[in-house]
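Working notes, beginning with the structure itself.
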Amino acid sequence: MNTNDLIRTFTPEAQRKVQPRPYFNHSVEFKGLYTPQERTRALDEAGLNVFNFPADMVTGCDLLSDSGTTTMSNEQWAALHLGDESYGSNRGYFKLREAIRETFGSEYFSDRPGLVHNAFIFHQGRSCEDALFTTLGALGSNLLIPNNGHFDTTQANIEANHIEALNLFSPELRNPASSSHFKGNMDVQRFEELLKNSNDRIPVAYLTLTNNTGGGQPVSMANIKEVFLIAHLYHVPLFFDACRFAENAWFIKQFEEGYTERSIPEIVHEMFTYADGFTISFKKDGMVNMGGGLFFKEGGLFLDKYPHIPDAIFNYQIQKEGHPTYGGLSGRDIMALAVGLKVSARDEYLEYRIGQVKRFGNHILDYGLPILEPTGGHAVYLDVNRFFEGTKMQPGDFGGISLTALLLSAYGTRGCELGYFAFGTWNPATGEEKLPEVNFVRFAVPRLRYEDADLESVAESLKLLHDRRDRIPGVEITYGRELALRHFKARFRFKDINV
Ligand code: F0G
């Protein structure tokens, strides 16, 4: 018998329930051993604020963020040793230029050094945002930047420059019954109305891929294209917040008609034809622990409209980050990034990565717990209001904070409240608490770090908490209720048990 014919009968991949990972461990790190009592003591000292809890004591999964928490590949670790720490135009800079041109398109990184500066390396995403919005803020007053969903630091950097930040979430995001695969889309109808009436107020429009604030949901190619065309119709440049560009491309390949047969690199290229520039934190799909960038498209509307801005950014960078050829990063970081960008566009990596987030979400659903569906690319978002449905938990009890605190002390797993507390605001003059539309606890999955069994154990811990939800008390805020970005700073204590 022909061996190929024989093998074929044994390999119907679709019948497999469990696929092996497309990588194996290169080195491992043993966790510390801590009891729930020890964790509780540490969390009390941290004022129940999970950001202040020592990471060494996280004995379950640390799902606080997928940012900078990636396990690097052996090739990236090897590349670190090739780092060149020269002050100007280090070796990694040229490797990175090649990787950016290959990944996003050659128009985003000019190869005419000294003549055209359209690519700026930064140490992380928010520093690119600060540079961009500081220069845009200087253009005038009463400005506004719309987005399909501003990330919190993006919004903070916009507002710090006296620009209004507006979210145009898609109607599908607010509709739990919607089965749309692209809930991260921008509401194009509202976008067009906005531009019709006030395009002169808008120096740039933004699309965040994937939409982190909107549940890590992807944006379709059709939406990207439509937003770009509308923006250009009203002479407004379009920028991407491109942190999770590869994950977004995977969803397009998976669910959008006409893209199934296209490769991830091809889809990424097409996405970036519909932008005039982008900011990015490489701590996500750059697969590194530190890094960011700001890129303007050569020949794009942004540079056409604001030709002076690259020079202003150059000055900003010299003052605050360093020479633009290293931009606040060490040469070795830049080398690891140039290699990391190639990992994130690999089909088998993305398939496993996004599949893992989905399997994690399914475990939680199997226990009957409410999450935002479908699961996004990098995180599972637990719906706090539905979790506490039927209990005495009130919005002002901040159940999401209680949940993250209990999960950490009892089970050693760290998640992050992104809901009534993180996005709410309190007016000390009126004593009024203004609540946001969404109330989630986010479990962000670091790249290449955990095995499915680890995440399954998190789902089980959540189920144990849910079984006792009547006994979960709310929290009172002992410090920081009125502060901006209060979730990073506040302290809490449990109220008396709510039974
Ligand atoms: N934009 C988005 C969409 C982000 O998710 C983040 C960071 C940033 C910008 C800022 O990048 O951290 O490098 O300064 N998100 C992390 C998170 C912190 O946990 O979601 P940065």
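Rounded, prolate or oblate, given the Cα gyration tensor of the stretch 155-302, with a/c below 1.5 counting as rounded? Rounded, because the longest to shortest axis ratio a/c is under 1.5. When all alpha carbon pairs of the chain are counted in 20 Å bins from zero, the resulting P(r) reads 22, 55, 21, 1, 0 %.
A simple charge model with +1 on the Cβ of Lys and Arg, -1 on the Cβ of Asp and Glu and nothing else charged puts the dipole of the chain at about 640 debye relative to its Cα centre. For the chain, the share of accessible area belonging to carbon and sulfur comes to 50 percent (1.4 Å probe, ligands and nucleic acids excluded). The 3J(HN,Hα) values that the Karplus relation (6.51, -1.76, 1.60; θ = phi - 60°) gives for the stretch 205-219 are, in residue order, 9, 10, 10, 9, 10, 6, 8, 4, 5, x, x, x, 7, x, 10 Hz. Gly and Pro appear as x. Panel note: the C-alpha atoms of the stretch 401-499, placed on their principal axes, show extents of 49, 35, 22 Å (largest first). The stretch between Glu437 and Leu33, if pulled fully straight at 0.36 nm per residue, gains 141.6 nm over its current Cα-Cα span.
Determine the distance separating the Cα centre of the stretch 325-397 from the Cα centre of the stretch 299-320; give it in Å without decimals. The stretch 325-397 and the stretch 299-320 have Cα centres separated by 33 Å.
In the stretch 75-344, Cα pairs under 8 Å separated by at least six residues give a relative contact order of 30 percent. Measuring between their Cα centroids, the stretch 5-53 and the stretch 451-465 lie 10 Å from each other.
Taking a Cβ cut-off of under 13 Å around Gln356, the surrounding Lys, Arg, Asp and Glu residues balance to a net charge of -2, with basic ones at +1 and acidic ones at -1.
Rg then Dmax, both in Å and based on the Cα atoms of the stretch 55-111: 16.2, 47.
For a protection proxy built on the mean count of beta-carbon atoms within 10 angstrom, sort 338-345, 95-102, 277-284 highest first, please.
Numbers: 338-345: 22.8, 95-102: 19.5, 277-284: 26.6.
The most tightly packed comes first, giving 277-284, 338-345, 95-102.
Grouping the Cα pair distances of the stretch 198-284 into 5 Å bins from zero gives a pair-distance distribution of 3, 15, 26, 25, 17, 10, 3, 1, 0 percent in increasing distance order.
Structural size metrics of the stretch 289-425, computed from C-alpha coordinates, are Rg and Dmax of 21.7, 58 Å. A 1.4 Å probe run over the chain, with the rest of the protein chains in place, finds 44 Å² accessible per residue. Over all projection directions, the Cα-based convex hull of the stretch 9-137 averages an area of 15.6 nm².
Here the convex hull built on the C-alpha positions of the stretch 75-344 has a volume of 116 cubic angstrom per residue. Kirkwood analysis of the stretch 112-230, using all unique Cα-Cα pairs, places the hydrodynamic radius at 15.3 Å. Could you tell me whether the stretch 82-143 comes out rounded, prolate or oblate from its Cα gyration tensor? Rule is a ≥ b ≥ c as square roots of the eigenvalues, rounded for a/c under 1.5, then prolate if a/b exceeds b/c, otherwise oblate. Prolate, because a/c is 1.5 or more and a/b exceeds b/c. Of the peptides 415-426, 451-462, 29-40, 320-331, the order by per-residue mean of other Cβ atoms within 10 Å, starting with the highest, comes out as 415-426, 320-331, 451-462, 29-40. Taking label points 7 Å from Cα along the Cα-to-Cβ direction, Arg112 and Glu159 give a separation of 4.1 nm.
When you count the other C-beta atoms within 10 angstrom of each residue and take the mean per peptide, 243-255, 198-210, 348-360 line up highest first as 243-255, 198-210, 348-360.
Quick one: net charge of Gln319's neighbours, Cβ under 14 Å, K/R +1, D/E -1? Don't skip to the answer; put the middle values down first.
Values: positive: Lys320; negative: Asp130, Asp311, Glu321.
Spelling it out: positives minus negatives among the neighbours equals -2.
The values are calculated or read from the model by the stated rules, or taken from the named source; none is laboratory data. On a predicted model such as this, the values are computed, not experimentally measured, just so you know. Cβ atoms come from the backbone with ideal geometry, glycine included; neighbour counts cover every protein chain shown. Protein only, heavy atoms only, side chains kept; ligands, DNA and RNA dropped before computing areas. Shrake-Rupley method; radii C 1.70, N 1.55, O 1.52, S 1.80 Å.
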